[in-house]
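See structure below.
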């Protein structure tokens with residue numbers, strides 16, 4: 001990993017490149033060893049430590065892909081379409097958190113919660129629009145609606161917050177944790193923990209709540225669910241809201257690492273879709289596994305081969321899966337969506 005160290009307000013920082021979309025990953029200089037007197041620092045890692053560093057970085061970014069892929073699977077199970085606005089929910093979560101924090105001065109945790117709630121409501125509104133057209137339009141028409149929503153969200157974000165990347169503070173301060181020569185920044189630990197919390201929360205919601213069980217029934221058989229009295233349209237709106245909330249969570253936990261910008265959702269959404277295809281579109285467990293696998297393979301490919309191929313790796317993997325096993329590594333279907 002290429003490292004550059006410099007002074008910023010007397011605090012030595014390290015910029016580790018080869019990260020998402022070419023952005024910088026800021027970590028404390030203490031994580032890479034002592035700093036020479038001239039202010040520059042660098043630490044060479046042996047091959048084993050490099051591979052471990054790439055794996056840990058891959059798990060971090062793969063956790064984001066997993067959350068986005070889970071949102072894709074929820075919508076696919078509910079409406080049997082691909083929501084191409086999912087990446088923009090990630091962007092909205094990050095940008096709204098930064099805006100709320102700077103405009104109101106409220107604590108970071110409250111700004112994050114406000115952002116997630118607002119984006120969930122936006123997703124629910126998109127779900128209401130989709131439900132309105134569901135009985136009158138083909139799946140292709142609904143997919144085009146999500147494309148239009150994606151363009152609309154991105155355009156609004158650009159007009160409201162500009163084209164410059166915005167910074168969201170890390171959730172906690174502290175030095176990096178060294179693991180067998182590799183470094184884990186505190187924000188990565190937050191990414192791991194919040195991703196695990198979201199996965200457990202979705203599992204409990206689907207398995208132990210009335211709404212969750214009704215959504216599972218709709219995912220398995222819409223007509224049967226309607227016959228037993230379940231409001232299918234309402235469950236679809238719930239699915240859009242939860243999917244948008246998951247995307248917003250992904251945005252706020254990755255923003256302290258990659259910064260937030262109006263166009264960050266495009267590539268993240270595409271990578272999340274690749275992860276969903278890899279694991280099996282419609283499979284909740286497959287979405288998580290696909291995201292982690294994709295993140296690790298992408299990181300290893302960028303680090304050991306060339307960062308020029310980083311973005312291509314995800315799409316090559318997706319094409320291979322579609323040719324060899326179209327249902328994904330873990331199969332698709334609503335039954336797995338829980």
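The values are calculated or read from the model by the stated rules, or taken from the named source; none is laboratory data. Everything numeric in this text was worked out from a predicted model, so none of it was measured. Cβ sites come from the backbone with ideal geometry, for glycine too, and all protein chains shown count toward neighbours.
Every condition in (1) crowded, with 20+ Cβ neighbours inside 10 Å; (2) modelled with pLDDT under 90; (3) under 26 Å from residue 223 (Cα atoms) holds for residue 72 except the one numbered (2). Quick check, is residue 45 surrounded by fewer than 24 Cβ atoms within 10 Å (Cβ to Cβ), at pLDDT 85 or above and within 26 Å of residue 183 (Cα to Cα)? The answer is no for residue 45. One residue stands out in segment 189-202 among those that are touching a residue at least 24 places away in the same chain (Cβ under 8 Å) and more than 14 Å from residue 65 (Cα to Cα): the one that is nearest to the chain's Cα centre (by Cα), namely 190. I want to confirm something. Restricting to segment 269-294 and keeping residues that are assigned to a helix (DSSP H, G or I) and within 21 Å of residue 124 (Cα to Cα), which single residue is modelled with the lowest pLDDT? By that ranking, first place goes to 284.
Okay, residues lined up against (1) surrounded by fewer than 18 Cβ atoms within 10 Å (Cβ to Cβ); (2) touching a strand residue (DSSP E or B) at 6+ places or on another chain (Cβ under 9 Å); (3) touching a residue at least 24 places away in the same chain (Cβ under 8 Å):
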{"residue": "54", "(1), (2), (3)": "no, yes, yes"}
{"residue": "59", "(1), (2), (3)": "no, no, yes"}
{"residue": "68", "(1), (2), (3)": "no, no, yes"}
{"residue": "78", "(1), (2), (3)": "no, no, yes"}
{"residue": "84", "(1), (2), (3)": "no, no, yes"}
{"residue": "89", "(1), (2), (3)": "no, no, yes"}
{"residue": "95", "(1), (2), (3)": "no, yes, yes"}
{"residue": "111", "(1), (2), (3)": "no, no, no"}
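Residues checked against (1) at pLDDT below 85; (2) assigned to a helix (DSSP H, G or I); (3) within 24 Å of residue 186 (Cβ to Cβ):
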| position | (1), (2), (3) |
| --- | --- |
| 239 | no, yes, no |
| 251 | no, yes, yes |
| 311 | yes, yes, no |
| 315 | yes, yes, no |
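Against the definition (surrounded by fewer than 24 Cβ atoms within 10 Å (Cβ to Cβ), without any contact (Cβ under 8 Å) to a residue 40 or more places away in the chain and under 21 Å from residue 210 (Cβ atoms)), how does residue 241 come out, yes or no? Spelling it out, it is not the case that residue 241 is surrounded by fewer than 24 Cβ atoms within 10 Å (Cβ to Cβ), without any contact (Cβ under 8 Å) to a residue 40 or more places away in the chain and under 21 Å from residue 210 (Cβ atoms). Could you look through segment 223-237, keep only residues that are free of Cβ contacts under 8 Å to residues at least 12 places away in the same chain and in a helix (DSSP H, G or I), and pick out the one that is farthest from the chain's Cα centre (by Cα)? Going through the qualifying residues, I end up with 227. Just to be sure, is residue 305 in contact with a helix residue (DSSP H, G or I) (Cβ under 9 Å, 6 or more places away or on another chain) and touching a residue at least 12 places away in the same chain (Cβ under 8 Å)? Here the answer is no, as residue 305 does not meet what is asked. Being out of contact with any strand residue (DSSP E or B) (no Cβ under 7 Å at 6 or more places or on another chain), crowded, with 19+ Cβ neighbours inside 10 Å, at pLDDT below 80 and not in a helix (DSSP H, G or I) is the requirement here; does residue 303 meet it? No: the conditions fail for residue 303.
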